[in-house]
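Here, each number is a calculation from the coordinates, and none is a lab measurement. Values in this document were obtained by computation on a predicted structure and should not be read as measured data. Cβ atoms come from the backbone with ideal geometry, glycine included; neighbour counts cover every protein chain shown.
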Amino acid sequence: MTPQFSEILTTAQEIRDVLGEPGQRVLDKVIPRLDRHCQEFIAASPFMLIASCDAQGQMDVSPKGDPAGFVQVLDETTLAIPDRVGNRRADTLINLINNPRIGLLFLAPGKQETLRVNGRAQVVRDGWLREQMAVRGKAPDLAIVVTVEEAFLHCAKCMIRSELWNPAAWPNVSSLASIAQVMVDHSQTTETVESLAAQVAESYRDRLY
């Protein structure tokens with residue numbers, strides 16, 4: 001049965017009535033460039049999330065990971081993200097063609113704060129850029145170049161509450177289904193779990209770059 005809700009907020013003012021207004025310090029921390037602190041955070045980050053939206057307003061969030069510093073800061077208002085080998089869905093890339101707005105969230109293991117960057121993006125193929133993003137001798141086929149419009153450090157409360165970096169607090173995930181099992185159940189394919197598991201293992205082993 002679908003839950004029914006009776007107290008739905010529909011205006012920004014209703015939200016402000018509950019939460020109040022942000023303090024001036026919170027507003028002032030947003031800057032329109034990547035200063036030294038932002039650049040050092042990006043250099044220490046091996047994992048980030050990209051939020052994008054298609055022309056119809058359908059949202060997508062995609063994880064990206066590589067050795068720390070894989071996102072390159074080209075100057076104070078420009079950064080570049082390699083697009084590594086994947087499943088060819090290209091959700092983020094196609095979204096950006098239709099709607100260049102982009103949101104980035106950088107994480108650095110052990111660092112409780114995160115870095116948020118928002119701006120506009122384009123998909124490029126320039127060889128000089130792709131070559132300097134090569135890993136194990138393999139350059140990405142494409143890169144996402146972001147023109148930064150705002151950047152700010154996000155407070156640590158979510159990390160403290162989740163204990164994300166505390167292994168002792170991690171939940172036991174051993175009972176969760178394998179990706180192969182989920183693929184079989186979701187796609188209703190005739191392939192076996194064992195066959196898909198072998199393909200996934202091969203992909204993880206041999207096709208990271």
(request) Kindly provide the GluC sites (Glu not before Pro) of the stretch 1-57 that DSSP labels as loop, not H, G, I, E or B, and whose Cβ sees at most 15 other Cβ atoms within 10 Å. (result) GLU7
(request) Determine ³J(HN,Hα), in whole Hz, for all residues of the stretch 64-69 in sequence, where each value follows from phi through the Karplus function 6.51 cos²θ - 1.76 cosθ + 1.60 and θ = phi - 60°; x replaces Gly and Pro. (result) 9, x, 5, x, 3, x
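Are there any chymotrypsin sites (Phe, Trp or Tyr not before Pro) in the stretch 91-174 that are in a DSSP loop and have at most 15 other Cβ atoms within 10 Å? List them by number.
Passing sites in the stretch 91-174 are TRP165.
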(request) Using +1 at the Cβ of each Lys and Arg and -1 at the Cβ of each Asp and Glu in the stretch 70-136, identify which of VAL117, THR92, LEU129 lies farthest towards the dipole's positive end. (result) THR92
(request) Within the stretch 109-209, report the trypsin sites (Lys or Arg not before Pro) that DSSP leaves as loop and that have at most 14 other Cβ atoms within 10 Å. (result) ARG125, ARG136, ARG207
(request) Give the residue from SER174, GLN58, LEU208 lying farthest towards the positive end of the charge dipole for the chain; charges sit on Cβ (+1 for Lys and Arg, -1 for Asp and Glu) and the dipole is referred to the Cα centre. (result) LEU208
(request) Translational diffusion coefficient, Stokes-Einstein: compute it for the stretch 1-115 using the Kirkwood radius over C-alpha pairs as Rh, at 4 °C and 1.567 mPa s, and state it as an integer in µm² s⁻¹. (result) 76 µm²/s
(message) List the lysines whose Cα sits under 28 Å from the Cα of LYS138, skipping any in the same chain fewer than 8 residues away.
(response) LYS64
(request) Go through (1) 35, 20, 13; (2) 30, 27, 19; (3) 42, 28, 13 and flag the label whose value is the computed semi-axes √(5λ) of the Cα gyration tensor in Å for this structure. (result) (2)
(message) Taking the Cα centroid of the stretch 149-182 and of the stretch 79-131, what is the distance between the two, rounded to the nearest whole Å?
(response) 21 Å
(message) Please compute the contact order of the stretch 1-147 in relative form: average sequence separation of alpha-carbon pairs under 8 Å and at least six residues apart, divided by the residue count, as a percent.
(response) 22 percent
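Let me know the charge dipole size of the stretch 4-113 about its Cα centre in debye, to the nearest 20, where only the beta-carbon of Lys, Arg (+1) and Asp, Glu (-1) is charged. Could the numbers behind the result be given before it?
Working: 11 positive and 15 negative charges, 67 e Å.
Magnitude of the dipole: close to 320 debye.
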(request) Rounding to the nearest 20 debye, state how big the charge dipole of the stretch 59-209 is about its Cα centre with +1 on each Lys and Arg Cβ and -1 on each Asp and Glu Cβ. (result) 120 debye
(message) Students often forget the sequence filter, so: which aspartates and glutamates lie under 12 Å Cα-Cα from LYS157 once same-chain residues fewer than 8 apart are removed?
(response) GLU113
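As a test of the formula, what do you get for the chain when each DSSP H run with n ≥ 4 contributes -39,500 (n - 2.57) and the sum is divided by the residue count, at 222 nm and rounded to the nearest 500 deg cm²/dmol?
-8000 deg cm²/dmol
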(message) What's the magnitude of the charge dipole for the stretch 151-209 around its Cα centre, counting Lys and Arg as +1 and Asp and Glu as -1 at the beta-carbon? Answer in Debye, nearest 20.
(response) 400 debye
